[in-house]
Amino acid sequence: AKAKQEATEKFLSFVHYMWPGFIDGAHHKQMADLFDQVVAGKKKRVIINMPPRHTKSEFASIHLPAYFLGRFPEKKIMMASHTAELAVGFGRKVRGLVDRKDFQELFPGVRLSADSKAAGRWATNRGGEYFATGVGGAVAGKGADLFIIDDPHSEQDAIQGEYNPEIYQKVMEWYEQGPRQRLQPGAAIIVVMTRWSLRDLTGQLIRKQINTPGSDEW
């Protein structure tokens, strides 16, 4: 009973409950602390930069959305990655967690909507929504209480970006003109990515924070 209570109140406990074989490290605990603050509404803009193979996607793009919808099954999540295929793959895994019996024991009454068929676009029985898209994809008519961007640049983009700065600029333009304009009041944004360049999305967001008064503070 205590383990269940902790798993509904702390993100890291939730991960351990849903993934019994997981062994956390210091960076996982730091991420979990940030995510707890996001869920509590204390942090609205978070950037996490890590090399590949550090479990950042398992944390930010799979377990966090499931946990968030368990806590707030009426809210909306938007997920983006450098390809729609990758983003939809995350959506399939999040949907799988929400559909598990142990998840539903943690969050009684939270279920997938009966018509939730698509891996990249589904809903809870409480009116919450999950929507996945690739960077550059259309987001018209969509809103988000939590917007997660996981690796907006591919390795191929990074190689091309060394010679063509527009590769990075297009990502920033999509972010500002698309999903950034469609957030619900009080929404949070989490950017989790491997750094590739001073011109990548993290670099541009930090540069704008420094140089443009009134910009988001990360």
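The values are calculated or read from the model by the stated rules, or taken from the named source; none is laboratory data. If you're wondering where the values come from, they're calculated on a predicted model, not measured in any experiment. Neighbour counts are summed over all protein chains in view; Cβ atoms, including those assigned to glycine, are modelled from backbone coordinates with ideal geometry. Side chains are part of the model used for accessible areas, which takes the heavy atoms of the whole protein and leaves out ligands, DNA and RNA. Shrake-Rupley method; radii C 1.70, N 1.55, O 1.52, S 1.80 Å.
Quick look at the numbers
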quantity	calculated
Residue match in segment 20-27 (condition: closer than 21 Å to PHE90 by Cα and surrounded by 17 or more Cβ atoms within 10 Å (Cβ to Cβ))	no
All positions within segment 91-119 that are in a loop (DSSP other than H, G, I, E, B) and in contact (Cβ under 8 Å) with a residue 40 or more places away in the chain	ARG100, PHE107, VAL110
Search result, residues across segment 84-136 that are among the aromatic types (Phe, Trp, Tyr) and either over 19 Å from VAL192 (Cα atoms) or open to solvent by less than 10 Å² (accessible area, probe 1.4 Å) (or both)	PHE103, PHE107, TRP122, TYR130
Subset of segment 90-138 (residues that are among the charged types (D, E, K, R) and under 19 Å from ALA3 (Cα atoms))	ARG100, LYS101, ASP102, GLU105
Positions within segment 173-192 being modelled with pLDDT under 95 and either outside any helix (DSSP H, G or I) or surrounded by 14 or more Cβ atoms within 10 Å (Cβ to Cβ) (or both), in sequence order	TRP174, TYR175, GLY178, PRO179, ARG180, ARG182, LEU183, GLN184, PRO185, GLY186
Wholly enclosed helices (runs of 4 or more DSSP H) of segment 5-83 bearing at least 1 residues without any contact (Cβ under 8 Å) to a residue 12 or more places away in the chain	11-18, 26-39
Test: residue in segment 55-64 that is touching a Gly at 6+ places or on another chain (Cβ under 7 Å), crowded, with 21+ Cβ neighbours inside 10 Å and either among the aromatic types (Phe, Trp, Tyr) or over 28 Å from ILE167 (Cα atoms) (or both)	no
Qualifying residue in segment 36-45 (condition: at positive phi and open to solvent by less than 60 Å² (accessible area, probe 1.4 Å))	yes
Residue that is of a type in the set (Val, Ile, Thr), assigned to a helix (DSSP H, G or I) and either touching a strand residue (DSSP E or B) at 6+ places or on another chain (Cβ under 6 Å) or surrounded by fewer than 22 Cβ atoms within 10 Å (Cβ to Cβ) (or both), where the choices are ILE149, ILE159	ILE159
